[in-house]
Amino acid sequence: MLETDPDFEASVLSPPSPPKVASRSLDREPGYAPLEPPAPLIDANPSLEDTGPSHDSASSQDAISSSRRVHRDAPQLGSPSSIATKPPVAPDPRASARPTSGSTASDTLNSSTGALLRVDTVGPEAIAVGEKADLTISLTNMGVTEAHQASVRVNLPQHLELVASQVEEGTARVQQESISGSVLVWSIDHLPARAERRMVLRVVPKKAMPLELPIEWSVAPLASVTRIQVQQPRLEVVLQGPNEVVYGDTKLYTVAVSNPGDGDARQVSLRLSLGEESSDELDIGTLPAGVSRKYEVEVTARHAGSLAIQAIVQGSNELRAEARELIHVRRADLKLETAGSAMQFAGSVGTYQVRVVNQGDAAAENLMALVRLPASAKYLRGLDQAEQHDDRLTWPVGRLAAGEERIYRFFCQLNQPGEARFDIAVRNDRDLETTNSLVTRVESIADLKMTINDPASPVPVGEDVLYEIEIVNRGSRAANQVQVIAQFSDGIEPVAVEGSPAELVPGQAVFAPIAHVDPGQTITLKVKARADREGSHIFRAELRCNDPEYRLVAEDTTTFYDSGLMVSPGLSPSPGDAPAGSAARAPRWGAETITR
């Protein structure tokens, strides 16, 4: 502050009556008296042209207003009127698609408005050389924000002497900047919005030449900080479930997907895979920050051994997390062994054995055994709790622990020739199964049996007796070209036959060959004979067959007595009536036997 003129303060406080200007109050400081400033001398809107003094005859004011003229060599300060904290932004091509009003908080991150300063200069229209004059410079903040470090620079020419200066607020100092003159700098640290501060200068012109007072003003840039929260979404996945599974079992696994970050994870998807062949995917969508979701998944193991189960969760912006567990799938491994008769004759009984072993590392539950019987086989015995439905024979095996084995034995009658195939299986309701089979070759054979029935002894000589020959084929095939010969010992002769044609010769009845005797068929041949002497006479029957080759012989003895010969005491029988003896009882075999 310059204090070169002791009357300056009094003159400021009590200014002379002229010039007449509109009343204006300035009561910011107690040392100032109210001033009536003249019309503005310098407009806040600068112009590069000097319009010169303007006289208006119709005006009742002594003071006039002139536009600002800036010296070409005066330093130019940027942004003299306002400073925005937000730099200009090029037009957004998308702006046309946005609403022009009603912006939300999410559209505008920060908004700042700088101070808007206006400088007015009021003083006399003309000053005489050597005469003192007062110039009032007003600084007004027309904005809505406080101005910081406001500065007004008044360039003083050399032919103008500054006698004194008085500021309403702040400090004023003179700086010598060039040979052409000096600069008066008025500094105010804080200028509130809509506030006005004044500085009064007392000057004395030294030469009769126009006075030009270039005035510049500036304000400290208004800094604005826009704070944007940067969020980081994260993904985590946890897989929980048993680490051992039995083959075929369905187990429940829990997959927990969480976002421990502070931002929402978007486009989240979950992929769950079991081994390399089975997988499933779930679209989760947006997972908010701090949220965890659980999903339950049913897993059925279809491969034995080690199996990897993996959960992968992914989201936008390359978010990814995964969890992997190695589970052991235990499985029962069944082995089935069968044994039985390789060959049997038709009608015979075959023995069969089934051995089942669990070679796996898990127990086999609810096992059932099944045998498909051949059409010619008939189950007889051997199995507990066995049930037969048509050609299927089943029985329960139950639980078979790992390493355990069971052996079953059963008996079947094979009734038809050919290959008898036994299909055997052991299985449960969990797709566990093992199978095996065996074949028995069934041979057919003609099994002939011959039986003779003779009359009850004794039998009177000369009476007809009946001998029966019964032939039965107990085999599974027919006997072809069966020939039967009935033979008698000396003293008895065949007299008639029944059942089949026969040729009667001394001591024999030769039957015509029987074309075939079918399995199970019975043929009865009868021979009627008559003895002509008493004694024990032999009856013999012989059966011969070439297809198959077969020979059977059967014989029996019948006692005959003479009931009509009466002998007086002392009389001897004639030599021609010799009693029956051993020679008479001998059968007549050999050359006399006739076969056809």
Result of the Cβ filter at 8 Å on the stretch 492-510, keeping first residues that are hydroxyl-bearing (S, T, Y) and partners that are modelled with pLDDT of 90 or more and not in a strand (DSSP E or B), at least 6 apart or interchain, is S500/A512
For the stretch 215-236 the number of residues that are exposed (fewer than 10 other Cβ atoms within 10 Å of the Cβ) and among the basic types (K, R) is 1
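Could you tell me whether the stretch 521-538 includes any residue that is of a type in the set (A, V, I, L, M, F, W, C), part of a strand (DSSP E or B) and either exposed (fewer than 14 other Cβ atoms within 10 Å of the Cβ) or not assigned by TED's automatic domain parsing to the domain that holds I452 (or both)?
no
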Could you check the stretch 127-158 and list, in sequence order, the residues that are over 27 Å from L211 (Cβ atoms) and among the charged types (D, E, K, R)?
E146
Could you count how many residues in the stretch 328-354 are buried (at least 20 other Cβ atoms within 10 Å of the Cβ), in contact with a Ser or Thr (Cβ under 8 Å, 6 or more places away or on another chain) and under 25 Å from T300 (Cβ atoms)?
2
Among the residues of the stretch 149-160, write down those that are more than 12 Å from I137 (Cα to Cα), in a strand (DSSP E or B) and touching a Ser or Thr at 6+ places or on another chain (Cβ under 9 Å).
Q149, A150, S151, N155, L156, P157
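Pull up the stretch 115-134, narrow it to residues that are in a loop (DSSP other than H, G, I, E, B) and aliphatic (A, V, I, L, M), then point me to the one that is modelled with the lowest pLDDT. Quick ask: steps written out before the conclusion?
Step one: list which residues in the stretch 115-134 are in a loop (DSSP other than H, G, I, E, B), which gives 115-116, 123-132.
Keeping just the survivors that are aliphatic (A, V, I, L, M) gives 115-116, 126-129.
Working: A115: 82, L116: 88, A126: 90, I127: 90, A128: 90, V129: 90.
Once the filter is applied, the top-ranked residue is A115.
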Any chance you could count how many residues in the stretch 285-308 are at pLDDT 90 or above and surrounded by 18 or more Cβ atoms within 10 Å (Cβ to Cβ)?
1
Residue count, the stretch 182-203, condition surrounded by 19 or more Cβ atoms within 10 Å (Cβ to Cβ) and either more than 14 Å from I137 (Cβ to Cβ) or aromatic (F, W, Y) (or both), comes to 1
Pairs, first on the phi > 0 side of the Ramachandran plot in the stretch 403-421, second outside any strand (DSSP E or B), C-beta under 8 Å, six or more apart
G403/Q359; G418/S376
Only one residue in V354, V397, V371 is closer than 23 Å to R430 by Cα, touching a residue at least 60 places away in the same chain (Cβ under 8 Å) and in a strand (DSSP E or B), so which one is that?
V354
List the number of the failed condition for G263; all other conditions in (1) out of contact with any strand residue (DSSP E or B) (no Cβ under 9 Å at 6 or more places or on another chain); (2) surrounded by fewer than 14 Cβ atoms within 10 Å (Cβ to Cβ) hold.
(2)
Which numbered condition A304 fails, given (1) more than 21 Å from the chain's Cα centre (by Cα); (2) in the same structural domain as L272 (by TED's automatic domain parsing)
(1)
In the stretch 407-428, what residues are in contact with a Gly (Cβ under 9 Å, 6 or more places away or on another chain) and among the charged types (D, E, K, R)?
R409
Could you please let me know if R198 is at pLDDT 90 or above and either assigned to a loop (DSSP other than H, G, I, E, B) or over 22 Å from A115 (Cβ atoms) (or both)?
no
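The values are calculated or read from the model by the stated rules, or taken from the named source; none is laboratory data. Here the structure is a predicted model, which means the values were calculated and not measured. For neighbour counting, all protein chains shown are included, and Cβ atoms are generated from backbone atoms with ideal geometry for every residue, glycine included.
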